[in-house]
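Student: Can you keep this structure in mind? I'll have questions shortly.
Here, each number is a calculation from the coordinates, and none is a lab measurement. The structure displayed is predicted, hence computed values, not measured ones. Here Cβ is always computed from backbone atoms with ideal geometry, including for glycine, and neighbour counts include all displayed protein chains.
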Amino acid sequence: MGWKHYIIMLALCALLLTGCTEQRTEEVQVIFTPDPNSGPFIISTLEIAIEANDPSVQLYYILGDVEASLNSLMYSGPFRIAEDTTVSVAVFKDGKKIGEAKALYALVTPEAPGETCTASRVCSALTEVTITNSDCTTSTISCASAEKCTNGNCNPATPINVTPVTCGRPYFSLCRTTATCTSAGGYWYYNACWSTPATGGGGGGGGGSSNKAPTVTLLSPVDGQSYKPGNKFIINANASDSDGSVKRVEFWMKYSAGDVVNPETKLGEDSETPYSLVLENGFNQEGNYQLWAIAYDNKNKQKATPVITIKITNSLLILGALCASGSQCQSGLCVAENDMRARCAAECSSLGTMCSNDDKAYNNDGICAHMYNAVQLPYVECVSSNVAHIGSKYESPCLASETSVGDPCDTNAAGGFVADGTCQADGTCKVNLAPTVTLNKPLNGSSVTVNTTINVSATANDPDGTISKVEFYIGHTTGQSNGGGLITDTSYPYEISVTPSSVGIYTFSAKAYDALGANTSSLTSYVTVAAVNNSVPSVSISSPVEGASFTVGSSIPITVSAYDSDGTISWAKVQYLSGSNWVDIAINYTNAYTYRFTWNNAPVGSQAIRAIVSDNRQAQSSVNRNVNVNPGTNHAPNVSITSPVNNANFSVGQSITITASATDVDNNLKNVTFDYEDRDGTRYVIGVDSSSPYSVIWNNPLEGKSGLRATARDTLGLSTVSGVVYVNVNTGNLPPVVSITSPSNGANISEGSDVIIQVSASDANNNLKNVTLEYRYGSAVWSSMGVKSVGPYTWQFDDAQPGVLSLRATARDTLGLSTVSGVVNVNVNSGVNNPPTVSITSPASNGSSVVVGSVLSYAGSISDDNPSLNVLWYIDRIGDNQAGALIKNTTQAPGPTSGSLTMTGVKMNPNNYPVNLTVVGATYYLWLRVYDGVNTVEKIRTFVLVSSSQTVSLTNPLDYSVFDEGYTIPLTATASPTSQLTNIRLFVDGALKSTGTSSPHTYSWTPSKGTYLIQAKALFGVTEKTSDISGIVVEAVCGNNRCSASEDGCNCPADCGETCSQIEPGLLFIESVSTSDDAIQDGNEPIKAVDFDESTYWSSTTPNSITLDLGYSQTVSETNMKFGKNYAYKVETSNDGTSWSSAVTGNANTGWVKSTFNSRNARYVRVTFTSGGSIILYEAEVWGQDSLNTAE
């Protein structure tokens, strides 16, 4: 089977209940033109066309020996290649792939006259090769019987020694064809024929194979285009020379019209890039013009482009016109001498059907034809086999009452309507010619390395108007990050730049629009983006020197020098060898030439240390050094319990894993013993571990509070006991679990950087209330960064200052238990020079909303003493836990920096991990990284991706509604869009009543007499929306009488037949407790004040307060509290936890103290201790009336 016809066997199977019972085979032919088997093609560029014998299928293609798919280019017309290429085609029908085909094209660039022939071997049959003789003729020889012709050689190859000679006549580069130039003028023809050179040493070309000919490509105009005479005309070319420079580019033409053929004429030349020639008055004579360019290098060697042909004519056919005499309608085009680009109306399947303004024709069966979609023609009527007629409304002249500027019209109303123009502002009808566009850069088939900026430029002209815009399309044939998408330029010169962040084949094309909307697309250029050839960094240890000696217990300074010739250093670290494992001593994430580390507590003996550095492309180098640590006086070991943390909580029956860190500077550590102390003070051994990591498992721990210890012993008898770590083994509610997951403990950042802090929190009883984050520098007082009640628990710390930044998180549940995370210390380093001052000015603040699909504009400001800065912008999505995707990389002076990003598709990070830019509801990081040669400073801004509209509404009850007591009210809320919805929550007087995950959400609620405020809240990812508030009244009913909610004391007034009597207050149930300050003594949490146990208590220090939450609003009238000492205190009440009313103030004595006040409705009761030092509160009670839940 040849390359030209590719048979795709399609098995179509009808699926019945019994399975596949019938098989039918269809045949689809994919035809490549020219036939690839007729090659190799002696030409610089080759135009390729593909088609299928089934017009209902769609063809998608890609250049390269890869599989084509729907992500490949949809075939719409011929395209060109400029090098050996495999064209891969996928055939789709009804959206499904039904086959594929491939064709390999071999192109041979013609050599210049005078080139030295080489001993080339070309396959002519399976077991034959064609060789070059000394006179440039060819001979065919057979491969040995055991050999096969592979890639143009007998395999294994048999050396054939042929002495190179200089051809004395025209020849092709492989000397396998004896064709001669037939053009009298000697210009380049389609099959690369050229003029006869001089004999001997080279004939005007510089001679010999030591100097390579330049390369040259004609960029515009496009082969086969037609133009009006007398209009401005621009010819563009691209030329380069691999072993020298381009001296000049000449532009030539040859005119013909009928029997008239003029000699070739030099139009002009250009000696500077971009190489172009402007003809202000264009070509005045109608006819065919052959155009080509010749490039000369600095040694006068030349290379010419293939010839293209354009036509200058006043009779361009347009949509709807009758095909001219001698032309015919082929596939919907009027074709005559390849110069017509008009769509015939013969595609209409039923004459007389009307075409709607979406440019399609319809009959009763649906779509009957597509009109040429480059021009919009409303209300087109197909009246004959090859002409489209438009109603009189659009005939010339363009009447202001019936037409608008840009409507199609007829420039000559006589002889039937022909839509050959558009209506102008002055009411005239003018022919509108489509613009021309040529993609100048990048060159088709060029290649760059990843993260290299590619300059993209185009030349666009409009023969009868102006260019309104040029759209650049940038795609990625492997479906990865497209590197740019659609970018529009509205002013000359039309040029942009993109920086691909991942390897692969990228596509570039341009589309030009004129002022009336007509447009033309350029040919597509394919650019290969390859991985960077990266040099590894260099590293050395300056100190200590090889074999240096130190005494055990002393600090060992380590100095490391690093350099990267083609990038920067990302990090440096030092390690020591422990057994067969390398253990980190320290790591530094800044870019510098010199790094200084200190190794403390090095063990006795000969020690191996090494330094490792990594560059910005992850290439690493290392160097080793040996030192001696000599023993001194025996030192006691060091030991501490690392897990569990102090005051950790566990359930009865839950096993506890206890882990300790133990070291011995003398390298004499023997073992670690773990024990606990029971209630009577007796200590019991849990277990002994003699190898690191030192740990034991305590099964069936005692209920209550126990103290854990670890004792480390060395082989010489010295021992050390760790500090006591207390654990609580509970029978009821378990406290939450919390930890800081990012940054890691010991992380290094530069002064002025922003830090994203992520906390993980959970509660085994599903009672998690909130998480608080605190920070401090050194030993300063802890400061709060805020409280979050809904995850993800993420904070941003801005403008870090030099020193140690400490972080800790506290998780609280709704029953008053809390857990404090381990402290994470971050080293904020100040550089040798002053770091840059960096700020992000847009988005202006964290948490702003960005609509999916919109353009995100980002900007920042930089000041620094260094005149040259490396500025990088990244984007990432919270939760990906991957490196961000680079969206801008520049080198600039201090000042503003900005850019834009369309929130569509994906971006690839350096690890080829996709960052999806369309996750609605997700929080994204936008961060700016600035490097001044020594210091790296990062600034971060977060934003939330939202849809165009996110709403929540309370649909029931309506505001001002009145209900009877005992009636069940359906509280209903709706939210939109549901595809982005996380949950809907219903609140009554600020208290959460119900949570749902779908819309609409309904909760049945039966309230008692009173007034209530009801609201709905919806969470879309991390974006929360709130509804309007509905206020309702619930009234009591006694017979035919109604009691208002404002009446106090009795359930109904006397006229309802009841007697009003004072109801004695009862003890109210307390749902949860909280405090204003978390400072507590170990084991004496706030929950101990409401546990009905007078032997336990809450302890803290003044000033502090404890808030008692009753769960919902009730009638309260007194408090009863048991104090451990004398205090000054006050009692306040609130319905919403925000607005407080004073109830009583006083000075408490030790023991029970009752405080009575005027009864009022309240949900929260707060007791504030204003003086008295340490607080001991054994019990706190609230008394009042609640018909639903009065504590017994």
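Student: List the residues whose amide H sits under 5 Å from the amide H of Asn616, counting only those 5 or more places along or on another chain, with H placed 1.01 Å from N in the peptide plane.
Tutor: Thr568, Ser570
Student: Using only the alpha carbons of the range 436-530, determine the length spanned along each of the three principal axes and report them from longest to shortest in whole angstroms.
Tutor: 42, 19, 18
Student: Right, here's the next one. Using the count of nearby Cβ atoms within 10 Å as a rough guide to exposure, how do Trp698, Trp1152 rank from fewest to most?
Tutor: The fewest-first ordering by Cβ neighbours comes to Trp1152, Trp698.
Student: Do the alpha carbons of any pairs in Lys1025/Lys1088; Lys212/Lys247; Lys93/Lys907 sit beyond 25 Å of each other, and which pairs?
Tutor: Details: Lys1025/Lys1088 37 Å; Lys212/Lys247 14 Å; Lys93/Lys907 31 Å.
Over 25 Å apart, Cα to Cα: Lys1025/Lys1088; Lys93/Lys907.
Student: Measure off 7 Å from each Cα along the Cα-to-Cβ vector at Asn451 and Val781, then give the distance between these two points in nanometres to one decimal.
Tutor: 4.6
Student: So if the hydrodynamic radius of the range 837-914 is defined as the Kirkwood radius over C-alpha pairs, what does Stokes-Einstein give as its diffusion coefficient at 25 °C and 0.890 mPa s, in µm² per second? Don't skip to the end; give the middle numbers.
Tutor: Numbers: Rh = 13.9 Å.
Roughly 177 µm²/s, to the nearest whole number.
Student: Step through the residues of the range 212-218 one at a time and calculate ³J(HN,Hα) from phi using the Karplus curve (6.51 cos²θ - 1.76 cosθ + 1.60, θ = phi - 60°), rounding each to whole Hz and writing x for Gly and Pro.
Tutor: Using θ = phi - 60°, the values come out as 8, 5, x, 10, 8, 9, 8 Hz.
Student: Another question, then. Using a 10 Å cut-off on Cβ atoms, rank the peptides 734-747, 229-242 from the highest mean neighbour count down.
Tutor: Values: 734-747: 17.4, 229-242: 18.9.
Descending mean neighbour count gives 229-242, 734-747.
Student: Pull up all non-local amide H partners of Thr902: gap of 5 or more, or a different chain, and H-to-H distance under 5 Å with H placed in the peptide plane.
Tutor: Amide H neighbours of Thr902, under 5 Å, 5+ apart: Leu856.
Student: Still on this model: Using a Förster distance of 60 angstrom, determine the FRET efficiency expected from the C-beta separation of Ser979 and Val261, and round it to 0.05.
Tutor: On the way: r = 68 Å, r/R0 = 1.13.
Computed FRET efficiency for Ser979 and Val261 comes out at 0.30.
Student: Moving on. State the dimensionless ratio Rg/Rh of the range 653-730 (Rg: radius of gyration of Cα atoms; Rh: Kirkwood radius). The partial results should precede the final answer.
Tutor: Details: Rg = 13.1 Å, Rh = 13.1 Å.
Radius of gyration over Kirkwood radius for the range 653-730 works out to 1.00.
Student: What's the local net charge at Ala1018, with K and R +1, D and E -1, over the other residues with C-beta under 10 Å away?
Tutor: On the way: positive: Arg985, Lys1017, Lys1025; negative: Glu1024.
Once positives and negatives cancel, what remains is +2.
Student: Further question: Can you tell me the relative contact order of the range 905-977? Whole percent, Cα pairs under 8 Å, sequence separation 6 or more.
Tutor: On the way: 88 pairs, mean separation 16.6, N = 73.
Here the relative contact order equals 23 percent.
Student: Based on the Cα atoms of the range 538-630, what semi-axes does the equivalent ellipsoid have, where each is the square root of 5 times one gyration tensor eigenvalue, given in whole Å with the largest first?
Tutor: On the way: eigenvalues 120, 30, 23 Å².
Taking √(5λ) for each Cα gyration eigenvalue gives 25, 12, 11 Å.
Student: I've got another one for you. Would you mind counting up the charge near Val930? Only other residues with Cβ under 11 Å from its Cβ, with Lys and Arg at +1 and Asp and Glu at -1.
Tutor: Values: positive: Arg929, Lys939; negative: Asp864, Asp932, Glu938.
Net local charge, Val930 excluded: -1.
Student: How large is log10 I(q)/I(0) at q = 0.10, 0.19, 0.21 Å⁻¹ when the Debye formula is applied to the Cα atoms of the range 1066-1185, each weighted equally and without solvent?
Tutor: The Debye formula, applied to the Cα set alone, gives -0.25, -0.97, -1.21.
Student: What distance in nm separates the two pseudo spin-label positions at Ala608 and Ser691, each 7 Å out from Cα along the beta-carbon direction?
Tutor: The modelled label-to-label distance comes out at 2.1 nm.
Student: How high is the relative contact order of the range 837-914? Use alpha-carbon pairs under 8 Å, at least six apart in sequence, and give a whole percent.
Tutor: Values: 133 pairs, mean separation 25.9, N = 78.
Reported relative contact order: 33 percent.
Student: What are the residues whose amide H is under 5 Å from the amide H of Trp1152, where those residues sit 5 or more places off or on another chain and H is modelled from the backbone?
Tutor: Those qualifying (amide H under 5 Å, at least 5 residues apart or on another chain) are Phe1123.
Student: Grab the Cα-Cα distance for Ala844 and Ser245, subtract it from 0.36 nm times how many residues apart they are, and report the gain in nm with one decimal.
Tutor: On the way: separation 599, 0.36 × 599 = 215.64 nm, distance 4.99 nm.
The Ala844-Ser245 span can extend by a further 210.6 nm.
Student: Could you tally the net charge around Tyr960, taking each other residue with its Cβ under 15 Å from the Cβ of Tyr960, Lys/Arg +1 and Asp/Glu -1?
Tutor: On the way: positive: none; negative: Asp959, Asp1028, Glu1035.
Spelling it out: positives minus negatives among the neighbours equals -3.
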